Amino acid sequence: MVLEKKSSARVEADSRRRVLDEATRQRRLSRQLEALEKDNFQVRIAVPWILHQLSMTTPLSSLPPPGPTARLPTFSETEEPEKKRRKTRGDHFKQRFRKNFTTLLEEENLSDRAEPNYLSAEALPSSLPPRLFCCVCGFPSHYTCTTCGGRYCSSKCLLTHRETRCLKWTL
Amino acid sequence: MATLVLDNGAYSAKIGFSQEKVRVIPNCQFRSKTSRLKTFTANQLDEIKDPSGLFYILPFQRGYLVNWDVQRKVWDHLFGKEMFKVDFADTSVIITEPYFNFSSIQESMNEILFEEYQFQSVLRTNAGSLSAHHFFSSRPSELCCLLVDGGFSFTHIIPYCRSKKMKEGIRRVNVGGKLLTNHLKEIISYRQLHVMDETHVINQVKEDVCYVSQQFFKDMEISQMKGEENTVVRDYVLPDFSSIKKGFCKPREEMVFSGKYKTGEQILRLANERFAVPEMLFHPSDIGIQEMGIPEAIVHSIQSLPEEMHAHFFQNIVLTGGNLLFPGFRERLEAELRALAPAHLPVSVLQPDNPICYPWEGGKLLAHSPDYDEIVVTREDFEENGHFICEEKFDI
């Protein structure tokens, strides 16, 4: 029993500490960069209760329900044909172009094109070594956090980093 | 016939008739915290009394037009009776698109302009081509120019030789105004005050206090100092949208270096943030984007072009776009290029007076040029030949 307790506390603490591997660190970085491309921080402004109620009650309202009947061509002479054509056109556009950037990029099949294109125009990686900055205060840093690979400049910043961001991405 | 020039940027549209002046209008829709039921379009932004927590609905994603619903609403507003009162049947439009625009986006653009709005004629082009036209008509003796177009989504480097776009030399650095604002938002939220929802306010902070450092590590040292010695630090008074409508920098003599302000305003203290944020234009690798900075990418672009042009390109570098407006940007770029360029070639970087509207002004000149009618596609042409004729005539 006495023999089992012999292992040092430091070694034990080290083995308990989770160390992120290179792939995870890369994933965290790309998630951070992805976040920098967001238009808004919150996903969307919460729909006020009244709007929600409105949408719940639409089937009961006098408006015709949206569905195949709305699509049938009508031949009434009274309505302006010009206006109607524009409206259906709009719907058509909506359906056809509800695509995001990634889908559009994939559809273009740029990787096997020879002429200069979106993909080939991207600037290459720099030939200079990256400069390193403390992820807490932003000043030049000399040390790497052993757990997550983040940079820090002083033991004060390391403490802040451990408490806030190490192994989690708070913002 | 009137000509409408529309430089359709991902964040702001620069629009105006070729006889009139340009207006810069947000190319997006907004929702505000206070009036939740309403969506505000483009310059209706001015109607929002309290733009804190402003929610953006943008038609562009990574610089490319994807959300046509939003774009149509903004255009309806711009072309409509509240703004430009466009008589489509008697109007020609010059409209800009991003470089290497996707063909599907180009086709929908054709269809919307000709079939939905029914413009009499259309010229689709790149903002750079308009800038180049502007440059070459003000300096007819120059043969080449290299445009640096810093926008909301990214920064492009585009070489033009005798108004012809050299596609093989185009380079894109994925650092734009949105990324800089978001990064500033993020570091402020981590270091002092949660402002993640305040894109609009922080964008203003960025425009008011950020600058490009001429000696980066020297400024880093200065911004680390305490008290009066720290000439970099600024205190920014945040707007509360009741008594303070717009944020501003505290004058240096009113700054309190230790302790708190007695006045109740909300203050952001900005030190290395001021120049570390725009620094990403020069070193995207600072935040882990594995790309060259602008100076390196310019040299790389020029080196990919025929050698006899190099001298002309290094001498005529033109900065356009709002994201390159940071004080000190031109000087720093010139200094870095001087160090990278071959010693026998002179380097000169030119920043026009209004880099945001430089392409628009070029479009205005183009609209008045005698061969304008040759380069447009008319509605009859399009109805006859479809997308093919646009592909033939427009150089996107």
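The values are calculated or read from the model by the stated rules, or taken from the named source; none is laboratory data. Model, not experiment: these values are computed from the prediction. Methodologically, a virtual Cβ is constructed for each residue, glycine included, from the backbone with ideal geometry; neighbour enumeration extends over all protein chains shown. We work out accessible area using only protein heavy atoms, side chains counted, and drop any ligands, DNA or RNA first. Shrake-Rupley method; radii C 1.70, N 1.55, O 1.52, S 1.80 Å.
Things worth noting here:
- For the segment B:101-110, counting C-beta atoms of other chains within 10 Å of every residue's C-beta and taking the mean gives 3.
- A P(r) calculated from all alpha carbon pairs of segment B:183-332, with 5 Å bins opening at zero, reads 2, 8, 15, 18, 18, 14, 9, 6, 5, 3, 2, 1, 0 percent.
- Pairs exceeding 23 Å between alpha-carbon atoms, taken from B:LYS49/B:LYS246; B:LYS33/B:LYS185; B:LYS85/B:LYS364; B:LYS73/B:LYS393: B:LYS73/B:LYS393.
- Cα-based reach from B:LYS226 at 19 Å (exclusive), listing aspartates and glutamates while leaving out same-chain residues under 8 positions away: B:ASP235, B:GLU253, B:GLU254, B:GLU273
- Relative contact order for chain B, counting Cα pairs under 8 Å that sit 6 or more residues apart, in percent: 19 percent
- Placing unit charges on each Cβ (+1 for Lys and Arg, -1 for Asp and Glu) gives chain B a dipole about its Cα centre, and among B:GLN204, B:TYR190, B:TYR372 the Cα reaching farthest toward its positive end belongs to B:TYR190.
- Modelled FRET efficiency - R0 51 Å, B:GLU168 with B:ALA89, Cβ distances, 0.05 increments: 0.80
- Take the protein assembly as shown with all the other protein chains still there, run a 1.4 Å probe, and you get 51 Å² of accessible area per residue.
- Our analysis of segment B:1-59 gives Rg over Rh at 1.08, with the two radii drawn from alpha carbon positions and Rh computed by the Kirkwood formula.
- Binning the alpha carbon pair distances of chain B at 20 angstrom intervals from zero yields the distribution 26, 54, 20, 1, expressed in whole percent.
- For A:ARG10 and A:SER154, the FRET efficiency from 1/(1 + (r/R0)^6), where r spans their Cβ atoms and R0 equals 35 Å, is about 0.95.
- As a fraction of the 1.4 Å probe accessible area of chain B, surface on carbon and sulfur atoms comes out at 50 percent.
- Cβ charges +1 (Lys, Arg) and -1 (Asp, Glu), total dipole of segment B:198-353, debye: 520 debye
- Over the protein assembly as shown: Rg over Rh, Cα atoms, Kirkwood Rh: 1.01
- Within straight-line cross-link reach of B:LYS165, aspartates and glutamates at Cα separation under 12 Å, skipping those fewer than 8 residues along the same chain: B:ASP395
- The modelled label-to-label distance between B:GLU82 and B:ARG139, using points 7 Å beyond Cα along the C-beta direction, is 4.2 nm.
- DSSP beta bridges in the protein assembly as shown [antiparallel fraction, %, rounded to 5]: 70 percent
- Shielding score for B:283-293, defined as the mean number of other chain Cβ atoms within 10 Å: 6
- Stretching A:ASN109 away from A:GLN26 to a fully extended chain increases their span by 27.3 nm, per 0.36 nm per residue minus the current alpha-carbon distance.
- Antiparallel content of DSSP bridges confined to chain B, in %, to 5: 70 percent
- Net charge dipole, the protein assembly as shown: roughly 2800 debye, given to the nearest 20, about the Cα centre with Cβ charges of +1 for Lys and Arg and -1 for Asp and Glu.
- B/A buried area, accessible surface, summed, 1.4 Å probe, Å²: 5900 Å²
- Placing R0 at 25 angstrom, the Cβ-Cβ distance between B:ASP240 and A:ASP39 gives a FRET efficiency of 0.55 after rounding to 0.05.
- Value at 222 nm in deg cm²/dmol, rounded to 500, when DSSP H runs of n ≥ 4 in the protein assembly as shown each add -39,500 (n - 2.57): -10000 deg cm²/dmol
- The trypsin sites (Lys or Arg not before Pro) of segment B:175-269 that DSSP puts in a loop, and whose beta carbon has at most 15 other beta carbons within 10 Å, are B:LYS226, B:LYS245, B:LYS246, B:LYS260, B:LYS262.
- Shielding by partners for peptide B:111-118, expressed as the average number of C-beta atoms from other protein chains within 10 Å of each residue's C-beta, is 3.
- Bridgeable aspartates and glutamates around A:LYS99 (alpha carbons under 16 Å apart, same-chain partners fewer than 8 residues away excluded): A:ASP91, A:GLU107, A:GLU108, B:ASP69, B:GLU107.
- For the peptides B:146-157, B:347-358, B:9-20, residues were scored by their other Cβ atoms within 10 Å and the scores averaged per peptide; the highest-first order is B:146-157, B:9-20, B:347-358.
- In degrees, nearest ten, helix B:329-340 long axis to first principal axis of chain B (Cα): 80 degrees
- Note on B:GLU392 and B:MET255: their simple-model spin labels are 6.3 nm apart, each label 7 Å out from Cα toward Cβ.
- With all pairs of different C-alpha atoms in the average, the Kirkwood value for the hydrodynamic radius of segment B:1-127 is 15.1 Å.
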